[in-house]
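Here the structure is laid out as structure tokens; the discussion comes afterwards.
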Amino acid sequence: MATVSEIAPDVFRISTFVPEFDLQFNQFLVRDDEPLLFHTGPRALFTETRDAVATLLDPASVKWIGFSHLEADECGTLREWQHLAPKSMAVCSMVGKLVSIDDFMAVRPALGMKDGELLNTGKYRFQFLHTPHVPHCWEAGLLFEETHRTLLCSDLFHQSGDVEPATHSDVLGRCRQVLVEYQQGPLANYMPYTTLTEPTLHRLAELQPKTLATMHGSAFVGDGARALRDLAAVFKDVLGPK
């Protein structure tokens, strides 16, 4: 069953723990004039996610459906959500719109955003950040809420286990453990390491986020800039060239 926690003002973490994977799948609902759902979750979790959203607002009122990249837990139920919410639009990178989303995912054409463009949901404004191959895929992008400084950061800071909704404690140890374990098994190369990785993470750090809303694991509340710079070092150490 999905649990709902407010991790920042009007930002709700909707989380389902899947024991088979020892992993939480988190979606984030922003309650505003034009509600935003970031991550849809995979099809197996659609009913739970919809019912959790319904405890906060009418699911049919969702206007924006955002995600980082093409993957089941990011946008696997985009069609279901767009049928449920008749005025909803997918929001993703321009690359994602052109190469994937409009062709075989979206019921209606997506809003393709360029780096630095702004999305207004009412009282909140989100900056779109094109982040190729961070965390994965050419089309990857993230959203940064400018008022309370929440970074919707997809798979960055991935942690395993059924952990707390949000923490002020450093999550880098948990993240490093996952990366090391994945590199040693069938999920090796889960996170690519490219010439874009370090500068992208340092660019995100310059935003000075106060909350890092991650897809898998606890949201981190605190010095997000330092956490992102530390993550860059972890990525280089675990994933970088040897």
Considering the zone a paramagnetic label at LYS114 would reach in this model (a point 7 Å from Cα along the Cα-to-Cβ line), which residues of the stretch 142-156 have amide N under 19 Å from it?
142-144
Flagged as over-length at 32 Å C-alpha distance, from LYS114/LYS242; LYS123/LYS236; LYS97/LYS123; LYS114/LYS210; LYS210/LYS236, the pairs are LYS114/LYS242; LYS123/LYS236
For THR3, project a label point 7 Å along Cα to C-beta. Then give me every residue of the stretch 144-179 with its amide nitrogen under 13 Å of that point.
161-167
Taking every DSSP beta bridge that has both residues in the chain, what percent is antiparallel when rounded to the nearest 5?
65 percent
Solvent-accessible ranking of THR197, THR147, largest area first, probe 1.4 Å:
THR147, THR197
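Considering only the other residues whose Cβ falls under 15 Å of the Cβ of PRO42, what net charge follows from Lys and Arg at +1 and Asp and Glu at -1?
Spelling it out: positives minus negatives among the neighbours equals -4.
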I want the local charge near ASP223. Using Cβ-Cβ distances under 10 Å, sum +1 for each Lys or Arg and -1 for each Asp or Glu among the other residues.
+1
Assign one of three labels to the stretch 98-171, namely rounded, prolate or oblate, based on the Cα gyration tensor with a ≥ b ≥ c the square roots of its eigenvalues; rounded applies when a/c is under 1.5, prolate when it is not and a/b is larger than b/c, and oblate otherwise.
oblate
Can you classify the stretch 33-77 as rounded, prolate or oblate using the Cα gyration tensor, where a ≥ b ≥ c are the square roots of its eigenvalues, rounded means a/c under 1.5, and otherwise it's prolate if a/b beats b/c and oblate if not?
oblate
Once you put a point 7 Å from the Cα of VAL180 and another 7 Å from the Cα of ASP103, both along the Cβ direction, what distance in nm separates them?
4.1 nm
LEU84 to LYS236: extension gain in nm, 0.36 nm per residue of separation minus the Cα-Cα distance?
50.5 nm
For the stretch 143-226, the convex hull over Cα atoms projects on average to an area in nm² of 5.6 nm²
Out of these labelled values of Cα Rg over 2.2 N^0.38 Å, [x] 0.93; [y] 1.00; [z] 1.05, which was calculated from the coordinates shown here?
[x]
Tell me, in nm to one decimal, what length is gained between HIS148 and THR195 on full extension, where the rule is 0.36 nm per residue of separation less the Cα-Cα distance?
13.9 nm
Would you mind classifying the stretch 42-180 by shape? Square roots of the alpha carbon gyration tensor eigenvalues, ordered a ≥ b ≥ c; an a/c under 1.5 is rounded, otherwise it is prolate if a/b is larger than b/c and oblate if not.
rounded
Taking R0 as 35 Å, what's the FRET efficiency between GLU206 and ARG43 from their Cβ-Cβ distance, rounded to 0.05?
0.45
What three numbers, in Å, describe the spread of the alpha carbons of the stretch 188-242 along their principal axes, ordered from the longest?
32, 23, 14
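The values are calculated or read from the model by the stated rules, or taken from the named source; none is laboratory data. Computed from a predicted model, the values in this text were never measured in an experiment. Every residue, glycine among them, receives a Cβ derived from its backbone with ideal geometry; neighbour counts consider all protein chains shown. Just the protein is used for accessible areas: all its heavy atoms, side chains included, with ligands, DNA and RNA removed. Shrake-Rupley method; radii C 1.70, N 1.55, O 1.52, S 1.80 Å.
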